[in-house]
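J.: Right, I'll just put the structure down here and ask away after.
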Amino acid sequence: MLTLIKGGRVIDPGNLDSIMDILIEDGKIVEVGGQRSEVGSQSSKLKAQSSKLKVIDASGKIVTPGLIDMHVHFREPGHEYKETIKTGCMAAAFGGFTAVCTMPNTNPVNDNSQVTEYILKKAGLADLVRVYPVAAISPGLQGKGLCEYGDLKDAGAIAVSDDGNPVTDSQLMRRALEYAKGFDLLVISHCEDLDLAGCGAMNEGAVATRMGLAGIPNASESIAVMRDIALCELTGARLHIAHVSTTESVRAIRNAKKRGALVTAETAPHYFTLTEDAVEGYNTNAKMNPPLRSMQDREAVLEGLSDGTIDVIATDHAPHSSIEKDVEFDLAANGIIGLETSVSLSLKLVEKGVITIADLIAKMSTNPARILGLDFGIKKGKPADITIIDPDITYKVDAAGFQSLSRNTPFDGWDMKGRAVLTMVGGKVVFGR
């Protein structure tokens with residue numbers, strides 16, 4: 001069976017940006033070119049044998065390398081009532097993602113090869129998007145020792161992180177970076193000073209004071225970012241900073257990159273779309289860690305995206321049920337779901353001129369692939385992992401229709417423009433409108 005994606009604007013940053021056709025056979029891209037090229041010639045011949053050719057009309061749409069989300073929480077094993085690997089994969093496909101990196105804070109924690117293998121087995125049974133498990137830095141995410149990184153990598157782990165918990169012991173973090181470097185594993189850091197964060201429930205500032213809530217200062221993130229950058233430079237290991245939210249963090253990462261540090265960074269759509277004002281009314285669907293920050297911080301994140309300081313847009317997809325969210329604000333769980341709204345929210349950056357469409361695709365596809373060491377792209381011989389985006393379609397977010405098991409989003413009811421309309425993994429359409 002051959003598939004022809006026809007007449008779309010194909011954008012593979014640094015490689016392609018033109019109206020082109022893509023011919024796919026046996027799960028791989030076999031030709032890429034214009035309608036007068038060899039692709040067009042082959043497709044014309046095949047039209048006479050229509051049973052052998054499936055045509056996908058991409059006219060007026062953007063065809064990109066498959067989107068990759070470097071930061072998701074699928075909750076399985078242990079909290080399947082919030083999300084399973086299958087429903088998480090369904091949400092990813094619905095949102096246009098062909099691959100995701102699952103964080104290790106499951107129950108049991110992904111701190112050994114058996115859990116890593118279990119996650120990959122469940123992902124294989126779902127047979128939707130590619131799942132790359134991120135294993136724990138320390139057993140049980142307790143920060144008291146190091147996991148067996150070699151065994152974890154052999155089992156299929158793509159990186160290590162104690163996401164959800166910071167590694168507070170600087171010596172342990174140094175050893176983790178050195179140990180991971182030996183296996184060419186990326187270290188993804190959750191940067192938080194727990195003593196400064198204390199019992200805070202939202203960003204420290206006037207809004208928190210007015211609402212009578214304990215605040216979390218910017219320094220609780222930025223101090224940890226600066227420490228981990230220093231350890232990155234000391235060890236020469238690769239470091240990726242998760243969910244960047246503050247002005248000071250963006251500045252520190254920018255300066256580190258100028259010095260040549262092997263540091264990359266991500267932020268999430270909620271940090272460049274919302275501010276602490278979204279918490280008004282004690283909206284627990286706007287409660288997350290790190291918290292939504294000030295307008296000044298939001299502007300700094302936008303600048304970091306614009307100038308390349310922030311390499312990646314990830315969702316930090318964090319499903320919770322009403323059990324964890326429909327409670328007093330102080331007691332509510334942190335996190336929101338994001339896979340099914342990420343493309344639409346991120347396209348607003350293009351609409352407002354913050355970044356170009358090629359920059360957006362780089363931050364959601366080619367940059368994550370490069371950082372993770374994945375070999376994808378719209379090139380002859382590569383796996384046919386492809387996302388098709390309609391930039392002009394308009395719709396209203398309806399969380400009740402999401403594929404995720406959870407509904408904890410602050411964007412329910414928002415009017416959106418642009419979304420993924422087809423997700424293809426290995427030549428197989430796993431979602432299409």
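J.: Report whether or not GLU276 is closer than 22 Å to SER342 by Cβ, buried (at least 24 other Cβ atoms within 10 Å of the Cβ) and not small (Gly, Ala, Ser). Give the derivation first.
T.: Details: closer than 22 Å to SER342 by Cβ: yes; buried (at least 24 other Cβ atoms within 10 Å of the Cβ): no; not small (Gly, Ala, Ser): yes.
Answer is no for this residue.
J.: Could you tell me how many of the residues in segment 147-161 are surrounded by fewer than 19 Cβ atoms within 10 Å (Cβ to Cβ) and either polar (S, T, N, Q) or part of a loop (DSSP other than H, G, I, E, B) (or both)?
T.: Of the residues in segment 147-161, the ones surrounded by fewer than 19 Cβ atoms within 10 Å (Cβ to Cβ) are 148, 150-151, 154, 156.
Going one step further and asking which of them are either polar (S, T, N, Q) or part of a loop (DSSP other than H, G, I, E, B) (or both), we end up with 148, 156.
So the count comes out to 2.
Quick grid of which residues meet (1) assigned by TED's automatic domain parsing to the domain that holds GLY95; (2) touching a helix residue (DSSP H, G or I) at 6+ places or on another chain (Cβ under 6 Å); (3) of a type in the set (Gly, Ala, Ser); (4) surrounded by 22 or more Cβ atoms within 10 Å (Cβ to Cβ):
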site	(1), (2), (3), (4)
GLU340	yes, yes, no, yes
ALA362	yes, no, yes, yes
PRO391	no, no, no, no
TYR395	no, no, no, no
ALA400	no, no, yes, no
MET416	no, yes, no, no
VAL425	no, no, no, yes
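J.: In segment 153-180, how many residues are under 12 Å from ASN110 (Cβ atoms) and within 21 Å of the chain's Cα centre (by Cα)? Walk me through it before giving the result.
T.: First, pick out the residues of segment 153-180 that are under 12 Å from ASN110 (Cβ atoms): 155-164.
Remaining after also requiring within 21 Å of the chain's Cα centre (by Cα): 156-164.
Looking only at that region, the number is 9.
J.: Something else now. Let me confirm something: among LEU141, LEU146, LEU177, LEU185, which residue is among the hydrophobic types (A, V, I, L, M, F, W, C) and under 24 Å from ASP385 (Cβ atoms)? I'd like the intermediate steps shown before the answer.
T.: Working: LEU141 fails: under 24 Å from ASP385 (Cβ atoms); LEU146 fails: under 24 Å from ASP385 (Cβ atoms); LEU177 fails: under 24 Å from ASP385 (Cβ atoms).
Only one candidate passes the filter, namely LEU185.
J.: Right, next: What are the residue pairs meeting all of these: first residue in segment 351-370, first residue more than 17 Å from CYS101 (Cα to Cα), second residue hydroxyl-bearing (Ser, Thr, Tyr) and surrounded by 22 or more Cβ atoms within 10 Å (Cβ to Cβ), Cβ atoms under 8 Å, and 6 or more apart or on different chains?
T.: LEU360/SER346; ILE361/THR64
J.: Just checking, how many residues over segment 249-275 are in a helix (DSSP H, G or I) and under 22 Å from the mean Cα position of the chain (by Cα)? Break it down into steps so the answer makes sense when it comes.
T.: Filtering segment 249-275 down to residues in a helix (DSSP H, G or I) leaves 249-258, 269-273.
Narrowing the set further to residues that are under 22 Å from the mean Cα position of the chain (by Cα) leaves 249-254, 257, 269-273.
Qualifying residue count for the region: 12.
J.: Taking segment 294-328 only, how many residues are touching a helix residue (DSSP H, G or I) at 6+ places or on another chain (Cβ under 7 Å), assigned to a helix (DSSP H, G or I) and within 26 Å of GLU80 (Cβ to Cβ)?
T.: So the count comes out to 1.
The values are calculated or read from the model by the stated rules, or taken from the named source; none is laboratory data. What you see is a predicted model, and the numbers here were worked out from it, not measured in a lab. Quick reminder, even Gly has a Cβ in these numbers, built from the backbone with ideal geometry, and neighbours come from all protein chains shown.
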